[in-house]
1. Which one of 149, 133, 163 is among the β-branched types (Val, Ile, Thr), assigned to a strand (DSSP E or B) and not assigned by TED's automatic domain parsing to the domain that holds residue 20?
2. Of the conditions (1) in contact (Cβ under 8 Å) with a residue 60 or more places away in the chain; (2) surrounded by 15 or more Cβ atoms within 10 Å (Cβ to Cβ); (3) β-branched (Val, Ile, Thr), residue 94 clears all except one; give me its number.
3. Anything in region 35-84 that is touching a Cys at 6+ places or on another chain (Cβ under 9 Å), in a strand (DSSP E or B), closer than 13 Å to residue 120 by Cα and of a type in the set (A, V, I, L, M, F, W, C)? List them, or say none.
4. Please list, ordered by residue number, the strands (runs of 3 or more DSSP E) wholly in region 86-127 having 1 or more residues that are polar (S, T, N, Q) and outside the structural domain of residue 148 (by TED's automatic domain parsing).
Amino acid sequence: MTRTGIARLGEARLNMVADTYPGGGTAAPGSAPGQLGHIIEINANDVKYNATVGTLYGAKYQYVQVVRQAQDCAPAVGLMCFWLDRAAFTVTTVVTGYDIAGVFINALTDLQYGWICIDGKCKVRMAANVTKVAPAKGDLCLAVAADVVDVLLDATALTSVEVAKIVGVICDDGVIAADGALVQVALKIGNENS
């Protein structure tokens, strides 16, 4: 289910939004309870962000709620998020059958609302030990455990299991500092909500 329309941004910089209630506000139901699930598309010239949190690019972003589970890690910039409940627009960092929702653009705590990148360029966290020794522009990125991405060896045959894990392709120019680094990826998640 996709919701589009006008988004309420109490904080103009997308990667600073960490709402306690939908659309911000100090009490339930929030300033914009109908905003949950909304998708906005921002071009590269208009995207506003806090550079100390991370760089954002022209892309599609979706407003979701984070629900932490006992075994998950804290949402942080560049980590993958997975659908916990598509209909309720709730995401988690726990890998749920590789039902990829998007990429966190900031750190959110349990039950907070914020924006995730779902389509376009985005910084994504690489695995601590990337399989391919020297990943490069155009290499395919796949979601792996711990909510990060990996780059397979060039000769690896893709099965339907790997295809379900596709996040996108590296679009950084130059040398890629892979292990544990944030790398610019052109997302190709296939998110039905985008």
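1. Going through 149, 133, 163 in turn, just one is among the β-branched types (Val, Ile, Thr), assigned to a strand (DSSP E or B) and not assigned by TED's automatic domain parsing to the domain that holds residue 20: 149.
2. Of everything listed in (1) in contact (Cβ under 8 Å) with a residue 60 or more places away in the chain; (2) surrounded by 15 or more Cβ atoms within 10 Å (Cβ to Cβ); (3) β-branched (Val, Ile, Thr), residue 94 misses just condition (1).
3. Going residue by residue through region 35-84, those that are touching a Cys at 6+ places or on another chain (Cβ under 9 Å) are 56-57, 59-62, 64, 66, 75, 78-79.
Applying the additional criterion that residues be in a strand (DSSP E or B) yields 59-62, 64, 66.
Now drop any that are not closer than 13 Å to residue 120 by Cα, which leaves 59-62.
Selection gives 59 alone.
4. On the way: elements: 90-92, 100-104, 113-125.
Here the list reads 90-92.
The values are calculated or read from the model by the stated rules, or taken from the named source; none is laboratory data. Values in this document were obtained by computation on a predicted structure and should not be read as measured data. Because the Cβ atoms are built from the backbone with ideal geometry, glycine has one as well, and the counts that use them run over all protein chains shown.
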